[in-house]
Amino acid sequence: MKNCFLVLALALSASASFAQSAWSDKTRVLPDKLRQVPVGITLWHTPNPNYPQPDSAQAGHYVWKHQTMVRSEVADLQVVECGSFIWYDQQGWKANMRETPEEFAQLFHCPKAELRAGTTYTFAKNYRYATSAKSLYGGDALWYVLAKDKNGNLYKGMGLVETEANVR
């Protein structure tokens with residue numbers, strides 16, 4: 001019976017370490033997934049920094065309105081995934097969202113999730129919402145795209161959007 005508890009304890013420990021932060025090396029600025037991948041994609045947000053404003057569709061609610069653009073700088077690329085990490089407290093980067101190539105294609109109006117070199121694709125309504133003034137908080141979101149060229153080489157693009165808590 002003692003061995004069963006030891007095995008369970010080891011399994012839980014392994015599970016907990018597997019579920020650790022997306023940012024395991026606190027001496028480096030990037031989350032693990034984005035380290036040591038060459039940059040070949042430009043990704044940016046506008047407006048940036050971004051401030052909440054009253055949501056005209058729902059009284060008492062707020063929305064941060066911004067667009068996210070992405071462009072391959074190296075070659076035609078096939079999107080592998082798109083997502084973001086968020087930083088809103090002293091713990092640092094946390095995995096936030098992850099989009100499939102199909103979701104990327106829809107959000108960025110990019111047929112088949114194929115980035116054509118030099119062409120800009122836009123997620124026009126990349127909005128964040130709050131249900132009340134009490135739920136307004138600032139934080140940073142590090143958006144990323146990972147994509148491969150025809151030879152299987154992986155490239156990244158990333159861009160930080162600052163979302164502020166104060167209404168202007």
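The values are calculated or read from the model by the stated rules, or taken from the named source; none is laboratory data. What you see is a predicted model, and the numbers here were worked out from it, not measured in a lab. Note that we place each Cβ from the backbone using ideal geometry, even for glycine, and neighbour counts take in every protein chain shown. Accessible surface areas use protein heavy atoms only, side chains included; no ligands, DNA or RNA. Shrake-Rupley method; radii C 1.70, N 1.55, O 1.52, S 1.80 Å.
Selection of segment 58-82 for residues being surrounded by 21 or more Cβ atoms within 10 Å (Cβ to Cβ) and hydroxyl-bearing (Ser, Thr, Tyr) yields Thr68, Ser72. If you go through segment 119-129 one residue at a time, do you hit one that is touching a Leu at 6+ places or on another chain (Cβ under 7 Å) and among the polar types (S, T, N, Q)? Among the residues of segment 119-129, not one is touching a Leu at 6+ places or on another chain (Cβ under 7 Å) and among the polar types (S, T, N, Q), which makes the answer no.
When the residues of segment 79-118 are filtered to those that are among the small types (Gly, Ala, Ser) and under 16 Å from the mean Cα position of the chain (by Cα), the one that is nearest to Ser24 (Cα to Cα) is Gly92.
The residues on offer are Pro31, Pro38, and the sole one that is open to solvent by less than 60 Å² (accessible area, probe 1.4 Å), touching a strand residue (DSSP E or B) at 6+ places or on another chain (Cβ under 6 Å) and under 22 Å from Trp93 (Cα atoms) is Pro31. Within segment 140-160, the set of residues being more than 17 Å from Tyr51 (Cβ to Cβ), touching a Phe, Trp or Tyr at 6+ places or on another chain (Cβ under 9 Å) and open to solvent by 40 Å² or more (accessible area, probe 1.4 Å) comprises Lys148, Met158. Of all the residues in segment 118-134, those that are of a type outside the set (D, E, K, R) and under 27 Å from Gly40 (Cα atoms) number 9. When segment 116-139 is filtered for residues that are more than 17 Å from Met97 (Cα to Cα), among the aromatic types (Phe, Trp, Tyr) and open to solvent by 50 Å² or more (accessible area, probe 1.4 Å), only Tyr137 remains.
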